[in-house]
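One structure is given here, and the rest of the page talks about it.
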Amino acid sequence: MSKLVSAKAMLDKALNGQYAVGQFNINNLEWTKAVLLTAQEMNSPVILGVSEGAGKYMGGYKTVVGMVNGMLEELNITVPVALHLDHGSYDGAKACIAAGFSSVMFDGSHYPIDENVTKTRELVSICNDKGLSIEAEVGSIGGEEDGVVGKGECADPEECKLIADLGVTMLAAGIGNIHGKYPDDWAGLSFETLEAVKSKVGEMPLVLHGGTGISEEMIKKAISLGVAKINVNTECQWAFQQATRKYIEDGKDLKEKGFDPRKLLAPGFEAIKTAVKEKMQLFGSADKA
Ligand code: 13P
């Protein structure tokens, strides 16, 4: 039996407690194991994010569900863990629900608002029936992720209310945030938009995408204004890549007999653990499991 949980209870608790649960995107087995072990060590709830591209790369959604469920059991993970589709399409969300994910994001932000509403409403009803959590998005998140490019426009608070009223668990509202590296001339988060959205949607946990390059000060302010989930992807990619590159440049494996992929990936695994730990401390989710 799966120990995966919906993200609803952990996010409602975070909203009340004024901290945020981290969503860390996973790309392979080492990544997944690093995030889960760190969450357990930090006694923190956690959300594993899977983009459609990463799901395909890892061998399909059912493979991901099998891998994560296996780790929860065999690594004795007892903190709350949600397995969440990140920036899902309508079909992708349905496929993940069928495969056993405990949470999905339907990113209908590129549709006209009426179509976003219709599709979100249908998916909310399916998720409610199955006890799964669902995230919706209004106003695109800037930058490029898995081939999906957004300009980073700020969400319209009225549209946010329309989508929130459909009964979604959490809402990603664009407030000038960008995936990946922020440009030097970035204007910063629009707290004005965040406050306007919050005043319309009330007790709805808000989601901040693009959690890699946002300053500590802005993260804390966003949490104080109702952000209860923060997504991190690029930070772990950088950490993994830098550690692996250093290992190769040091040429240690070449001096040894044979080649052991487990040794090659070990520094990246440790680097992700460090990155996740720092984010959990910043978001305030440590010891909140
Ligand atoms: P970063 O890549 O900037 O950490 O953003 C991740 C994200 O928002 C995933 O949805």
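The values are calculated or read from the model by the stated rules, or taken from the named source; none is laboratory data. From a predicted model like this one, the values you see are computed outputs, not experimental measurements. All Cβ positions, glycine included, derive from the backbone under ideal geometry; neighbour counts span all protein chains shown.
Within segment 252-289, which residues are at pLDDT 95 or above and aromatic (Phe, Trp, Tyr)?
Answer for segment 252-289, where residues must be at pLDDT 95 or above and aromatic (Phe, Trp, Tyr): 269, 283.
When you scan segment 123-153, how many residues do you find that are outside any strand (DSSP E or B) and at pLDDT below 90?
Initially, segment 123-153 is screened for residues outside any strand (DSSP E or B), giving 123-132, 139-141, 146-147, 151-153.
Now drop any that are not at pLDDT below 90, which leaves 139-141, 146-147, 151-153.
Selection size over segment 123-153: 8.
Give me the residue from segment 184-201 that is more than 21 Å from residue 233 (Cα to Cα) and in contact with a helix residue (DSSP H, G or I) (Cβ under 8 Å, 6 or more places away or on another chain) and, out of that set, farthest from the ligand (Cβ to nearest atom). If you could, list the steps in order and put the result at the bottom.
From segment 184-201, those more than 21 Å from residue 233 (Cα to Cα) are 185, 187, 190-201; that's our starting set.
With in contact with a helix residue (DSSP H, G or I) (Cβ under 8 Å, 6 or more places away or on another chain) added as a condition, the list becomes 191, 193-194, 196-197, 199-201.
Values: 191: 18, 193: 17, 194: 16, 196: 21, 197: 17, 199: 24, 200: 22, 201: 19 Å.
Once the filter is applied, the top-ranked residue is 199.
Among the residues in segment 234-250, are any closer than 19 Å to residue 173 by Cα, exposed (fewer than 15 other Cβ atoms within 10 Å of the Cβ), more than 19 Å from the chain's Cα centre (by Cα) and away from the ligand (no atom under 16 Å from the Cβ)? Full working, then the answer.
Here is the first cut: in segment 234-250, the ones closer than 19 Å to residue 173 by Cα are none.
No, segment 234-250 contains no residue that is closer than 19 Å to residue 173 by Cα, exposed (fewer than 15 other Cβ atoms within 10 Å of the Cβ), more than 19 Å from the chain's Cα centre (by Cα) and away from the ligand (no atom under 16 Å from the Cβ).
Does residue 217 satisfy the condition of being at pLDDT 95 or above and either more than 17 Å from the chain's Cα centre (by Cα) or acidic (Asp, Glu) (or both)? Give the derivation first.
On the way: at pLDDT 95 or above: yes; either more than 17 Å from the chain's Cα centre (by Cα) or acidic (Asp, Glu) (or both): yes.
In short, yes.
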